[in-house]
Each structure stands twice: as structure tokens, then as C-alpha cells.
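Engineer: I am attaching a structure below and will ask some questions about it afterwards.
The values are calculated or read from the model by the stated rules, or taken from the named source; none is laboratory data. What you are looking at is a predicted structure, and each value in this text was computed from that prediction instead of being measured. Ideal geometry is used to build each Cβ from the backbone, glycine not excepted, and the neighbour counts take in all protein chains shown.
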Amino acid sequence: MRSTLYRMGRYAARRPWVVIGAWLVIAALVVAASGAFGKKLEESFGAPGVDSQYATDLLSAAGADQAGLTAKVVVTPLDEKATLNSPELQAALTQLRSDAATLPHVLEAGEPVISPDGRVGLIRLQYPVLDELEPSDLEQLKTLSAVESPLRIELGGDLFYAFEEATTGLGEAVGLLAAMVILLLAFGSIIAMGLPIGMAVFGLALAISSLSLVTYLIDLPSWAPVLGSMVGLGVGIDYALIIVTRHREYLARGLAVEDSVGRAVATAGRAVLFAGGTVVIAILGLAVAGVPFMTAGGIAISLIVLTMVLASITLLPAFLGLAGHWINRLQVRRVRASHGLGWARWAGHVSKHAVAYAVGATVLLLALAAPVLALRVGTPDDGVLPQQRTERRAYDLVAAGFGAGSNGPLVIAVDISRDPAVVQPLFEAVRADRGIASVAPPSVNTAAGVASLIAVPTTGPQDAATMTTVERLRSEVFPSVLRDSPAKAHVGGQTATLADVGAKVNDRLAWFIGAVILLSVVLLTVVFRSVVVPLKAALMNLLSIGASFGVLVMIFQWGWAADLIGLESTVPILPFIPMFMFAVVFGLSMDYEVFLLSRIREEYVRTRDNTASTIHGITTTGRVITSAALIMIAVFVSFSLADDPTAKMFGLGLATAVFVDATIVRLVLVPALMKLLGDANWWTPAWAATKVLPEVRVDVESRAGLGADDGLVSE
């Protein structure tokens, strides 16, 4: 593989326009095909085998309207002293309902419901299932709020959840700007800074464009581009940073441009392949959850990461060849080769006080991870959106006029094909439950053998009490009524669906974490021919990820510093975020793990001096790891500028995990524990070393090559 990568890199540097032209042709074809034939990404949060999915399937099979999406039109008089009971406002409300009923794909516009104080009116619109709708339906709905009326008109509901895209443009721009500054400080050259940025942006644009074509093979969730942009931009710039750093080191040693690029791709490029492959494998492991939308999201993100890896080892070398020795021109600050004395002093200092640093870092990580014990998964609702969003204003009006539960009604589907008489007793039992505020009259389809009830809880969609009500209906209310009946009842609706998905993910989370940790131990055992190092790395990964989860709890559930990220209220953690975060963070942490420990391992094999090898590894990788981590953190934190709380959670969670991993773990715990364990770090059973484990070398040169690199440290 090393020789193949060398030839690839050298060819790209020697024939840059051929490689760049090939990428441009591919990009043009993908963008054109995506614009002409691309399919929309889906917004589905269902999961097979859960009660809410049974409800949806039952209603869909019967052709019931409740199986589709809903929207709500919420109004209040512009005159603060008026009520909706006046003749003028009644006429305006009737006209609004008529206009809503004529919108494309609206199956039914319900009769306006007016709050007891007469200040809030609610019209529910029923749409068909998602497959029959387009983003244009949401745009048509928004036109209702643009008409002149004595009413203030706000909009919300499932249609927004399905088609309103999260705004992340500002976040991406801020992240790119921060990455440019970091690269400029690291490289000191505008050209050296621009190459990784250009490669990453080009690769990301191509990968995102291709997703609408991938939907012909598998339905991808509409939020995949947001998370994919976050991860893809971070890893793309990081991988380019590693390769460009190696290339400049070889140029400084006097190698020709083509040979320097080839060697950089053969060494650093191999590390990029290993790191990117690990990220992809970890993310594809989301299939363990058994939730289709998570599997599909993992596939989308993996494709983006793969595109970044391919661009790093083909397109970037072409840019480097085109730049030639100009890569060191247009300098804004001077960077010279040195022995990294600052990092050497730090690593030596930690080694001399290994016990104190090991204990202190471990206590700090455990303290950060402690809030995980209070982690509560749930469904963030429109009440957490900023006030400038119409969905948030509609949510507040409905909650004030009708109670918080009106924002998350439960849809109860009943199979009455063999016992139609159960509808009324079930209606009475549900209405009598202490967690239910009201129940609409049953809708009965005798021909299809299906009845449906719309029940409004007394509590809001994200309240834990609402989940308790759902479980009580399923475990107590339904069995009490249907004990001697062949009829079956199921609770559906968006609130119940997300709760069921969360429960299913939680059930699989331990298995998923175990599988990922096992994978990491196996990979690191093969790479470093050690048993202790992989086990130690697995434990440190758990600590760093636990710390990031703990920070999420402190900010989103407890509200600590929530104002700094524009979060207006506390919110539970989305059910699928812990699993997604674990997959992504595991893959990213392996980058730093391999990059650092491969240097330590190489030096240890040469000198058999564990302490000196650890100091050498920190010295030669400290600047690159720090720069790469800062770029990741900048990109991830920038996504907290988005309105969507999901993007905020991912961004801050990933940024925290990378910060902890690259500082407390890599620069404190690793050198401290390596010192304390001594030669035991590299112990492995003799039979495994000689008969089982292959010889794998990542990001190091062969003995016949130039030798270990000395690193670059900025003045």
C-alpha cells in the first residue's frame, strides 16, 4: 500500500491538471445529475417493531387521514383588547380557514377552535403521508401569514418538522474563517493555508450534492447534510493539515516537489486512510441500533467522510504539485524547523509528575462525566426555538390558550375489525386518565375496521410526564378495556414516535458501545502490537466521551451558560444523539491516538526507552494534534449558531469531546500513564506477537527511508 500511495501522490503532483480536471468533470456531472434527477431527502423518525409504528401502519393501511402530517394555523387579535368572538374577527377566521382549505394537498381544514379566554384560535390542517408531499407545500402554507388581516397569524406543526431546513450557513462561514486563522498561524503562509480549505470545501460540496442521487438506493434523512457538513468539514481540513505538514517537512529537507508529495501521501496519507476508514466503520456501526433513519444517516455521513479521504490523497497532492515551492511564499509569519522544545519540556514535566497528573486528569474527567447520571432523553419541541421563528410563536400561543399538551397530541389507532363495540369504552377510559386533558370524538372507519382517537395530554411534548402518560395508556388503560376483546390499540403521533425511537436506541446503546470499544481494542492491538495500550486507550475514550455527554447535560438540561449559545429554555437530549456522538467521536479520537502512539511506538522499537519515546512522540506531534483539534473545535462550535437545538447539541458535544481528547487525554493522561506503566505498555503474549498479529506501520517511514520526522514548531 505504501508504494501505491507513493506512486499516486507523485503522479498527482507531476500531472496536477489531469487530476484536477478529472475531479472537476466528476463534480460537474454529479451537480448536473443532482439538479436534474436528484430525489428529496426524507424526514422519517419511525422504527420498525415499536408501538407507534404499529399505529402509523394501521392508520396508513386504512387510508386514515391521521396517518399523514399535520400543520396548525394559530391566530390572535392584533388588538390586545379584542377577542375572537367579535363578528369582524369571526369573519376573518372563517376566511382564513377557507384559504387554508384550498392549499395544495390539504385533506381537511378543521373547524376553528377558540380558547376559553377568546384570545387564541387554532385551525388544524391535515395533510397526506410524507411521500406525497414536497417542500413547496411548506412554502404554500407560509403564504397564509402574508395576507392582510386583523389577526396575527402564526404557523407550526409536522410540516415544518419535515421540510424546514436548519440554517447553518453562518455557522459554516464562521467555522471556515476560524480554520483559516488557525492554519495561517500553523503554516505561516497564505498558500499553505488555502490549500486545505479549498480542498475541504470542494470535497464537501461534491459529497453533499451526491446525496440526492444516493436516495435512489436508500432513503436518506433530511438532516444528514447538516451533520455531514459538520463532520466532513472538520475531518477534511484535518486530513489535509496532516498531509501538508508532512509535505513541507520533506521540502525543508531538500526533496524535490514530486518526491516530497509522494512521500507525504505514502506516510501521512496512510494515516489518513486508516483514520478515515475507522471513522466510516464506527459510523456504519449505527446499524446496530436497528433504526432505519439512523442507519441511513450513518451511510450519508460515511460517504462524505470517504469523499474527504479520497480528495486528501488525490486532489490535495495535485494542488501541492501545482503550488510547488510557492507553498512557502506569501508568508505572514516565519515558521522554521526546530526540535519542539516547548512540547518536549511539557512532556518531560508531565512524566516527572506522572502520578499527580494522572490522578488530577482522571478526577477532572470523572467530574465532567458525573452529570451523565442525570441524562434524560426526550423530544425537543418548538418551545426551544428562538422567538423569531413562527413555529415558536405558534407554540407559545397554543400553550397559553389551550395548554402545553395541545402542541403534542397523541394519535391512538384501534383495530376494531373483530370488535367495533370497544370504541366508546376506550374513548371514556382514555378521557378519564389523569394525564389526558381532552379527547376528540372518535373517528371510525367501519369498512377498514379502524378507529382513531386524538388525545391531548396535560403536559408538553418534551415533559417526562407525557412519556409516563403514554406508557400508562399502553400498560394499564388499554389492557383494562381490551382485556376480553380481540381489538388492539396503539399510541402514535410524533411525540410517541420519538419516545419509542429513543427507547429502542437506549436498549441498543450498550451493545453498540461494546462493539465500538472491541473494534478499537482489536485495531490498536494490531497496529501497536500491544494489549495494554489498546485497553488504556479504550478507557480514556470512554472518559472523554463521558465528559462530553456530561457537558451536554449541564448546558441543555440544566441550562448552565445556555444563553451563550442562544438556547432560550432547557431541553432534553435527543434520543439518537448519544449514539451518533459516540460513533463520530470514537472515529475522530482514533486519528489522534494513531498519530501520537505510532510515533511513540516507532521510537520505542528503536531505543527501548519508554519515557524518552513518549517525550519524542509528544514533541513531534504536539503542534499538529493541537492545530487539528483547534480546527475541529472551531468548526463544531460554529454550528451552535444554528437555530436548531439538534445542531447545537451535536456541535457543542463534538467540540467538547475533541477538546478533552486532544488536551486532557493526549497531552496529559497519555504521557502520565505511559510513564507509570513503563515497558508494560508494550506487553503482548509471545504467541500472539509471533503467530497472530501482523506487522502494520501507520504514518512512519521505513528503515530504508528518511527516518522519523523532526516536526515543525512555529516561532
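Engineer: Among the candidates 154, 148, which residue alone is out of contact with any Pro (no Cβ under 8 Å at 6 or more places or on another chain), among the acidic types (Asp, Glu) and in contact (Cβ under 8 Å) with a residue 12 or more places away in the chain?
Structural biologist: From the options 154, 148, the qualifying one is 154.
Engineer: While we're here: Could you go through region 528-542 and let me know if any residue there is assigned by TED's automatic domain parsing to the domain that holds residue 362, touching a Lys or Arg at 6+ places or on another chain (Cβ under 6 Å) and at negative phi.
Structural biologist: So far as region 528-542 goes, yes, one or more of its residues are assigned by TED's automatic domain parsing to the domain that holds residue 362, touching a Lys or Arg at 6+ places or on another chain (Cβ under 6 Å) and at negative phi.
Engineer: I'm told residue 530 meets every condition in (1) more than 30 Å from residue 129 (Cβ to Cβ); (2) surrounded by fewer than 21 Cβ atoms within 10 Å (Cβ to Cβ); (3) among the hydroxyl-bearing types (Ser, Thr, Tyr) except one. Can you identify the failing condition by its number?
Structural biologist: Of the numbered conditions (1) more than 30 Å from residue 129 (Cβ to Cβ); (2) surrounded by fewer than 21 Cβ atoms within 10 Å (Cβ to Cβ); (3) among the hydroxyl-bearing types (Ser, Thr, Tyr), the odd one out for residue 530 is (2).
Engineer: Looking at region 410-420, is at least one residue in a loop (DSSP other than H, G, I, E, B) and surrounded by 23 or more Cβ atoms within 10 Å (Cβ to Cβ)?
Structural biologist: Among the residues of region 410-420, at least one is in a loop (DSSP other than H, G, I, E, B) and surrounded by 23 or more Cβ atoms within 10 Å (Cβ to Cβ), which makes the answer yes.
Engineer: Which one is modelled with the lowest pLDDT, of the residues in region 2-45 that are surrounded by fewer than 18 Cβ atoms within 10 Å (Cβ to Cβ) and basic (Lys, Arg)?
Structural biologist: My answer is 2.
Engineer: May I pose another question? Please go through region 74-114 and give me each residue that is in contact (Cβ under 8 Å) with a residue 60 or more places away in the chain and either among the charged types (D, E, K, R) or not assigned by TED's automatic domain parsing to the domain that holds residue 141 (or both), ordered by number.
Structural biologist: 79, 88
Engineer: Out of (1) outside the structural domain of residue 468 (by TED's automatic domain parsing); (2) surrounded by 20 or more Cβ atoms within 10 Å (Cβ to Cβ), the odd one out for residue 366 is which?
Structural biologist: (2)
Engineer: Also: What is the residue count in region 74-119 for residues that are closer than 21 Å to residue 142 by Cβ and either of a type in the set (A, V, I, L, M, F, W, C) or part of a loop (DSSP other than H, G, I, E, B) (or both)?
Structural biologist: Counting residues in region 74-119 that are closer than 21 Å to residue 142 by Cβ and either of a type in the set (A, V, I, L, M, F, W, C) or part of a loop (DSSP other than H, G, I, E, B) (or both) gives 17.
Engineer: Additional query: What tally of residues in region 482-491 results from selecting those that are over 17 Å from residue 437 (Cα atoms) and either among the charged types (D, E, K, R) or crowded, with 20+ Cβ neighbours inside 10 Å (or both)?
Structural biologist: Summing the residues that are over 17 Å from residue 437 (Cα atoms) and either among the charged types (D, E, K, R) or crowded, with 20+ Cβ neighbours inside 10 Å (or both) in region 482-491 gives 6.
Engineer: Considering only residues of region 432-443 that are touching a strand residue (DSSP E or B) at 6+ places or on another chain (Cβ under 6 Å) and among the aliphatic types (A, V, I, L, M), which is modelled with the lowest pLDDT?
Structural biologist: Per the stated criteria, the residue is 440.
Engineer: Residues to consider are 285, 290; find the one that is under 30 Å from residue 575 (Cβ atoms), buried (at least 20 other Cβ atoms within 10 Å of the Cβ) and at pLDDT below 90.
Structural biologist: Answer to the check: 285.
Engineer: Kindly evaluate residue 583 against the criterion of being surrounded by 18 or more Cβ atoms within 10 Å (Cβ to Cβ), in contact (Cβ under 8 Å) with a residue 24 or more places away in the chain and within 16 Å of the chain's Cα centre (by Cα).
Structural biologist: Yes.
Engineer: Now, a different point. Somewhere in region 416-429, is a residue touching a helix residue (DSSP H, G or I) at 6+ places or on another chain (Cβ under 7 Å) and among the hydroxyl-bearing types (Ser, Thr, Tyr)?
Structural biologist: There is no residue in region 416-429 that is touching a helix residue (DSSP H, G or I) at 6+ places or on another chain (Cβ under 7 Å) and among the hydroxyl-bearing types (Ser, Thr, Tyr).
Engineer: Go through region 557-580 and give me each residue that's at positive phi and in contact (Cβ under 8 Å) with a residue 12 or more places away in the chain.
Structural biologist: 566
Engineer: In this structure, is residue 374 of a type in the set (Gly, Ala, Ser) and at pLDDT below 95?
Structural biologist: yes
Engineer: Ok, one more. Within region 60-73, track down each residue that is assigned to a helix (DSSP H, G or I), crowded, with 19+ Cβ neighbours inside 10 Å and either modelled with pLDDT of 85 or more or polar (S, T, N, Q) (or both).
Structural biologist: If the condition is that a residue be assigned to a helix (DSSP H, G or I), crowded, with 19+ Cβ neighbours inside 10 Å and either modelled with pLDDT of 85 or more or polar (S, T, N, Q) (or both), then 66 is the only one that fits.
Engineer: Quick one: would you say residue 464 is within 33 Å of the chain's Cα centre (by Cα) and among the aliphatic types (A, V, I, L, M)?
Structural biologist: yes
Residue-by-condition table, conditions (1) crowded, with 18+ Cβ neighbours inside 10 Å; (2) hydroxyl-bearing (Ser, Thr, Tyr):
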| site | (1), (2) |
| --- | --- |
| 108 | no, no |
| 116 | no, no |
| 121 | yes, no |
| 136 | no, yes |
| 143 | no, yes |
| 150 | no, no |
| 153 | yes, no |
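Engineer: Residue 674 is checked against (1) surrounded by fewer than 24 Cβ atoms within 10 Å (Cβ to Cβ); (2) more than 31 Å from the chain's Cα centre (by Cα) and fails just one. What number does that condition carry?
Structural biologist: The one condition residue 674 does not meet is (1).
Conditions tested, residue by residue: (1) at pLDDT 90 or above; (2) of a type in the set (S, T, N, Q); (3) closer than 16 Å to residue 594 by Cα; (4) not in a loop (DSSP other than H, G, I, E, B).
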| site | (1), (2), (3), (4) |
| --- | --- |
| 658 | no, no, yes, yes |
| 661 | no, no, yes, yes |
| 674 | yes, no, yes, yes |
| 677 | yes, no, no, yes |
| 688 | no, no, no, yes |
| 703 | no, no, no, no |
| 706 | no, no, no, no |
| 710 | no, no, no, no |
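Engineer: Just to be sure I understand the filter: pairs with C-beta atoms under 8 Å, separated by 6 or more residues or on different chains, first member in region 304-329 and among the basic types (Lys, Arg), second member in a helix (DSSP H, G or I). Which pairs pass?
Structural biologist: 329/191
Engineer: Right, another one. Determine the pairs where a residue that is on the phi < 0 side of the Ramachandran plot, located within region 353-375, has a partner that is basic (Lys, Arg) with Cβ atoms under 8 Å apart, the partner being 6 or more residues away or on another chain.
Structural biologist: Once the first residue is on the phi < 0 side of the Ramachandran plot and sits in region 353-375, its partners that are basic (Lys, Arg) give 354/675.
Engineer: Moving on. Would you call residue 446 modelled with pLDDT under 95, among the hydroxyl-bearing types (Ser, Thr, Tyr), closer than 30 Å to residue 549 by Cβ and not assigned by TED's automatic domain parsing to the domain that holds residue 566?
Structural biologist: So residue 446 fails the test.
Engineer: Same structure again: From the list 509, 535, 543, which residue is modelled with pLDDT under 85 and either farther than 21 Å from residue 382 by Cα or not acidic (Asp, Glu) (or both)?
Structural biologist: That would be 509, the only listed residue that is modelled with pLDDT under 85 and either farther than 21 Å from residue 382 by Cα or not acidic (Asp, Glu) (or both).
Engineer: Got at least one residue in region 382-397 being modelled with pLDDT under 90, touching a Leu at 6+ places or on another chain (Cβ under 8 Å), assigned to a helix (DSSP H, G or I) and closer than 23 Å to residue 501 by Cβ?
Structural biologist: Yes - at least one qualifying residue is present in region 382-397.
Engineer: Look through region 449-469, keep the residues that are surrounded by fewer than 17 Cβ atoms within 10 Å (Cβ to Cβ) and farther than 15 Å from residue 492 by Cα, and return whichever of them is modelled with the lowest pLDDT.
Structural biologist: Only one residue tops the list, namely 464.
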